[in-house]
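Before we start, here is the structure in question, set down as structure tokens.
Derivation of every value follows stated rules applied to the coordinates shown; laboratory data play no part. Bear in mind that the values here come from a model prediction, so they are computed numbers and not experimental data. Neighbour counts are summed over all protein chains in view; Cβ atoms, including those assigned to glycine, are modelled from backbone coordinates with ideal geometry.
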Amino acid sequence: MPESDCGALLIHGFTGYSQEMQGLAQLLADDGYRVHNTVLPGHEETPDDLRRIRWTDHWDHLEQEFRRLERQCPGGVFCLGQSMGGALSLLLGERLPVKGIVTFAAPVRLTGIPIRLASLLGRLVPWKKIAARPMEQQLADPEMRKIHKCYPFFHLESLLELLSLLREVKDNLEKVTAPLLVIHAEEDEVVHPKNMSWILDAVSSEAKESLLLSQGRHPITMDLGRHEAFEAARSFLRRIV
């Protein structure tokens, strides 16, 4: 494919690594986009580093990355993100002239009882550690379990920052006007698939699409349904370009 004048900013999830988006990054680069697979502040370091990060630090980082790509890409910049990275992609769409957005398992609301308890306890014991889910629970793909990276635990304080980010995104979804593709997995036990409709019903985008995957779990970009998700994302971007 001839080189595009569009860019693609790829954003991984909470406690994750840029590895989550690398497969899609390579495909989009092959399609001719100028791709940047970013590493969010406090990630690919230690949980203690993440504990020092506020959600606004993620915003500041991504705004700089977006503006840099925007200067290099006269055709515009797409934002694509996994989980928290999807929520951050929506935040970018609320605040900046994003060309299009693709979210993978993006949350705007976490409704489980442990999350509500975290909101209460986190104010009292922000240093408390929460263990990551076992890899066999995170991923359905046994091969990806061998290579998937994420922090083994995170602090309650970091979770509270995530919840603050999601409130900011949810409260401003009507400001999203860019074309939007929302992808989720039926078996996502971390972010309920209802988030798809909560997002789609709230945004102001005229062009908005959704895909519900029958394979895989929450880490869509690393799990069994990733190939279907990637092809949907590529097709969506081509239609906008």
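Does any residue in segment 91-109 that is acidic (Asp, Glu) come within less than 8 Å, Cβ to Cβ, of a residue that is in a helix (DSSP H, G or I) six or more places away or on a different chain, and which pairs are these?
Between residues of segment 91-109 that are acidic (Asp, Glu) and residues that are in a helix (DSSP H, G or I), the close pairs are 94/169; 94/173; 94/175.
On to the next question. Could you check, for segment 60-67, whether at least one of its residues is in a helix (DSSP H, G or I), out of contact with any Leu (no Cβ under 9 Å at 6 or more places or on another chain) and surrounded by fewer than 24 Cβ atoms within 10 Å (Cβ to Cβ)? Before the answer, list the steps.
Initial filter on segment 60-67 (in a helix (DSSP H, G or I)): 60-67.
Pick out the ones that are also out of contact with any Leu (no Cβ under 9 Å at 6 or more places or on another chain) and you get 60, 64.
Retained after the next criterion (residues that are surrounded by fewer than 24 Cβ atoms within 10 Å (Cβ to Cβ)): 60, 64.
Among the residues of segment 60-67, at least one is in a helix (DSSP H, G or I), out of contact with any Leu (no Cβ under 9 Å at 6 or more places or on another chain) and surrounded by fewer than 24 Cβ atoms within 10 Å (Cβ to Cβ), which makes the answer yes.
Which pairs have Cβ atoms under 7 Å, sit 6 or more apart or on different chains, and link a residue in segment 196-207 that is over 11 Å from residue 176 (Cβ atoms) to one that is of a type in the set (Gly, Ala, Ser)?
196/210
Can you tell me which condition residue 97 does not meet? The list is (1) closer than 23 Å to residue 221 by Cβ; (2) part of a loop (DSSP other than H, G, I, E, B), and all the others hold.
In the conditions (1) closer than 23 Å to residue 221 by Cβ; (2) part of a loop (DSSP other than H, G, I, E, B), residue 97 misses (1) alone.
Further question: Across segment 7-54, which residue is nearest to residue 69 (Cα to Cα) among those that are part of a loop (DSSP other than H, G, I, E, B) and among the acidic types (Asp, Glu)? Spell out how you get there, then give the answer.
The initial filter retains those residues of segment 7-54 that are part of a loop (DSSP other than H, G, I, E, B), namely 12-15, 17-18, 31-33, 38-46, 52-54.
Right, trim to among the acidic types (Asp, Glu) and you get 31, 44-45.
Working: 31: 17, 44: 22, 45: 25 Å.
The qualifying residue nearest to residue 69 (Cα to Cα) is 31.
Now for a separate question. Among the residues of segment 127-155 satisfying the criterion of being touching a helix residue (DSSP H, G or I) at 6+ places or on another chain (Cβ under 6 Å) and crowded, with 17+ Cβ neighbours inside 10 Å, which is farthest from residue 82 (Cα to Cα)? Reasoning before the result, please.
Taking segment 127-155 as the starting set, the residues that turn out to be touching a helix residue (DSSP H, G or I) at 6+ places or on another chain (Cβ under 6 Å) are 128, 135, 139, 144-145, 148-149, 151, 153-155.
Still in the running and crowded, with 17+ Cβ neighbours inside 10 Å: 139, 144, 148, 151, 154-155.
Details: 139: 14, 144: 16, 148: 14, 151: 16, 154: 18, 155: 20 Å.
Within segment 127-155, the match that is farthest from residue 82 (Cα to Cα) is 155.
Rundown of residues vs (1) part of a helix (DSSP H, G or I); (2) of a type in the set (S, T, N, Q), yes/no style:
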residue: 161; (1), (2): yes, no
residue: 166; (1), (2): yes, no
residue: 174; (1), (2): yes, no
residue: 177; (1), (2): no, yes
residue: 183; (1), (2): no, no
residue: 188; (1), (2): no, no
residue: 191; (1), (2): no, no
residue: 195; (1), (2): yes, yes
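If you don't mind, another one. For segment 97-113, enumerate the residues that are under 16 Å from residue 184 (Cα atoms) and over 14 Å from the mean Cα position of the chain (by Cα).
110
From the set of residues in segment 197-226 that are part of a helix (DSSP H, G or I) and more than 17 Å from the chain's Cα centre (by Cα), which is surrounded by the fewest Cβ atoms within 10 Å (Cβ to Cβ)?
Going through segment 197-226, the residues part of a helix (DSSP H, G or I) turn out to be 197-202, 220-222, 226.
Going one step further and asking which of them are more than 17 Å from the chain's Cα centre (by Cα), we end up with 201-202.
On the way: 201: 9, 202: 17.
Among those residues, the one meeting the criterion is 201.
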